[in-house]
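The next block holds one structure in the form of structure tokens; read it before the comments.
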Amino acid sequence: MIKQILRKLPRKSQKSDSLDSAGNDSDNHASNSDDGVQCTNFGNKISSRLRVVKRVSSAVFPASIMAGVEAVEPNLSFNNVSNPQKPNLFISKLNLCCEACNSSDPDKGTAEQDLKRRTLIELVDFVSSGSAKFNEAAIAAMCKMCAINLFRVFPPKYRSNTASGEADDEEPMFDPAWSYLQLVYDLFLQFISYSSLDAKVAKKYIDQPFILRLLDLFESEDPRERDCLKTILHRIYGKFTVHRPFVRKAVSNIIYTFVFETERHNGIAELLEIFGSIISGFAVPLKEEHKMFLCRVLIPLHKPKSVGVYHQQLTYCVVQFIDKDPKLANSVITGLLKYWPVTNSQKELMFISESEEILEMISMTEFQKIMVPLFRRIACCLNSFHYQVAERAHMLWNNEHVLNLIKHNRQVIFPLIFPALERNSRNHWHQTVLNLTKNTRKMLSEIDDDLTLACERKLEEENSQSNEASEKRKLTWERLELAAGFEPAAANLVPPLKPATCSVAC
């Protein structure tokens with residue numbers, strides 16, 4: 001009787017800390033026919049616990065679940081879901097693309113790769129349509145997906161062992177996974193360029209470590225990837241003003257390492273192309289920080305052997321600085337003379353061309369500060385045995401602005417140039433250079449015939465004095481040789497000295 005009464009009393013449900021123990025408790029409760037209500041209550045507890053877990057996941061991993069709402073099946077199309085569900089579907093598709101594709105593995109099936117490609121194409125179309133809305137969860141999911149698919153360390157074989165510029169004829173290396181990378185880059189570019197993107201929220205995820213990893217990708221040998229990175233970094237610089245000083249500092253550090261340590265980097269041209277547009281937007285007067293960037297970063301970039309790879313972009317940046325502040329032309333010319341090549345003729349041609357562009361913008365006051373060392377160097381180029389260097393130096397006289405500067409300062413420049421022209425007319429081996437020398441001398445005579453004749457007379461006097469000094473040296477050496485020839489005979493007449501003896505009283 002007592003046992004029957006005890007059996008009718010309701011048992012307490014055991015509290016468990018895990019879902020397995022909860023499952024055991026539910027089995028125990030299900031075995032009792034009189035506890036149907038309690039089973040229902042317990043099922044409600046389990047479902048509420050699962051909802052709590054989803055809310056916690058949405059707080060920690062907002063890319064997978066938004067504010068406790070279940071993620072939409074990623075295989076669905078955007079046209080098949082309602083507008084409120086599109087943000088969730090967008091995040092679900094981003095999560096589906098978070099697995100990096102390894103196209104070098106021949107054993108891996110193509111089904112997942114095709115699914116990923118179709119998903120990326122669908123995401124690009126959805127963002128480019130303008131109907132996307134990016135909340136914080138979507139921004140975090142986008143940055144996570146881009147980081148997983150793009151950020152990687154290039155193997156040693158992707159980095160050339162020869163200095164760039166010496167291997168210009170080599171064909172560029174193309175990444176075999178570019179078909180996927182291009183879609184990710186297109187999606188990220190559409191995302192960054194989106195007009196309604198909240199920069200204040202996005203900067204939490206597109207932070208300084210993210211930008212550093214993005215800059216590391218400029219080491220890629222695939223020119224298509226570097227071109228995409230160039231556009232993306234420029235958009236980041238324009239949209240996230242808080243990151244601008246950091247971007248300039250990070251790029252400066254990359255260039256310091258390239259110039260003073262490795263002299264190997266694949267993305268210097270693209271980085272300079274970005275800074276060309278950035279410099280054009282600098283306010284006038286220039287800040288001291290920007291002037292230091294010119295003196296410490298851009299001018300030393302003339303030093304590496306591979307300057308030919310990025311010289312066009314470098315010249316554009318330098319010209320932009322001089323256009324903002326003409327007084328900087330003096331510093332630039334001084335830097336060019338410091339790094340002027342001696343044995344690299346192709347590099348010398350680039351320096352002459354850059355000097356001509358700077359001279360077209362320089363003021364008369366600044367030109368007078370650097371004209372003596374500059375035209376001493378040009379005189380050496382006129383005498384170069386590499387005929388292209390000599391031809392390019394003669395072409396400076398065809399520039400009207402440069403010729404105008406020379407005319408106004410001919411009293412200083414003519415004496416520097418005339419001896420080089422005279423040596424060319426007598427000794428140069430190339431007929432074209434001889435013809436150019438003749439035309440240049442004729443031009444000097446037309447500008448100021450009296451000064452040209454005075455330079456010629458002075459050169460003749462210097463040559464005669466040099467010949468006299470040479471004759472004197474020759475006679476002096478002959479006398480020394482003659483005296484040295486009699487020295488052994490005279491030495492034989494001198495008796496040898498006897499060894500000295502020391503007499504010490506004992």
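Summarising the label geometry, the points placed 7 Å from Cα in the beta-carbon direction at R118 and L482 lie 10.5 nm from one another. Classify segment 188-333: rounded, prolate or oblate, from the alpha-carbon gyration tensor (a ≥ b ≥ c, eigenvalue square roots; a/c under 1.5 rounded; otherwise prolate if a/b is larger than b/c)? Note, shape of segment 188-333 comes out oblate.
Based on protein heavy atoms only, segment 365-481 ends up with 60 Å² per residue of surface accessible to a 1.4 Å probe. With a 1.4 Å probe rolled over the protein heavy atoms of all chains, the accessible area of S355, S77, S195 falls in the order S195, S77, S355, largest first.
Return the subset of K144/K303; K239/K338; K291/K442; K249/K303; K347/K472 for which the Cα-Cα distance in this structure is over 30 Å, preserving the input order. Intermediate values should be presented prior to the final figure.
Details: K144/K303 39 Å; K239/K338 38 Å; K291/K442 42 Å; K249/K303 20 Å; K347/K472 41 Å.
The pairs that break the limit, which is 30 Å between Cα atoms, are K144/K303; K239/K338; K291/K442; K347/K472.
Post the alpha-carbon centroid distance, segment 210-285 to segment 399-419, in whole angstrom. With segment 210-285 and segment 399-419 each reduced to a Cα centre, they are spaced 40 Å. A simple spin-label model places pseudo-atoms 7 Å from Cα toward Cβ; at D325 and E471 they are separated by 5.7 nm.
Take the Cβ-Cβ distance between C98 and V201 as r, set R0 to 30 Å, and report the resulting FRET efficiency rounded to the nearest 0.05.
Working: r = 20 Å, r/R0 = 0.68.
E(calc), rounded to 0.05, equals 0.90.
FRET efficiency for the N463 to L434 pair, using the beta carbon distance and R₀ = 30 Å, is estimated at 0.90. Leaving out ligands, DNA and RNA, and with a 1.4 Å probe, what % of the accessible surface on segment 365-481 is carbon or sulfur? About 49 percent, which is the carbon plus sulfur part of the accessible surface. Looking at the calculated P(r) for segment 365-481, what percent of the C-alpha pair distances fall above 16 Å? Of all Cα-Cα pairs in segment 365-481, 64 percent lie more than 16 Å apart. Taking the Cβ of E446 as the center, what net charge do the other residues with Cβ under 14 Å away carry, scoring Lys and Arg +1 and Asp and Glu -1? Summing Lys and Arg as +1 and Asp and Glu as -1 gives +2. Here the Karplus relation 6.51 cos²θ - 1.76 cosθ + 1.60, evaluated at θ = phi - 60°, turns the backbone of segment 353-358 into coupling constants of 5, 5, 4, 5, 4, 5 Hz, with x for every Gly and Pro. Here the extension length gained between W178 and K133 equals 13.4 nm, from 0.36 nm per residue of separation less the Cα-Cα distance.
Counting heavy atoms of the protein chains alone, F246 has an accessible area of about 40 Å² for a 1.4 Å probe.
The values are calculated or read from the model by the stated rules, or taken from the named source; none is laboratory data. The structure presented is a predicted model; accordingly, all values stated were derived computationally and were not measured. Don't worry about glycine lacking a Cβ; one is built from the backbone with ideal geometry, like all the others, and counts go over all protein chains shown. Note: areas computed on protein heavy atoms with side chains; ligands, DNA, RNA excluded. Shrake-Rupley method; radii C 1.70, N 1.55, O 1.52, S 1.80 Å.
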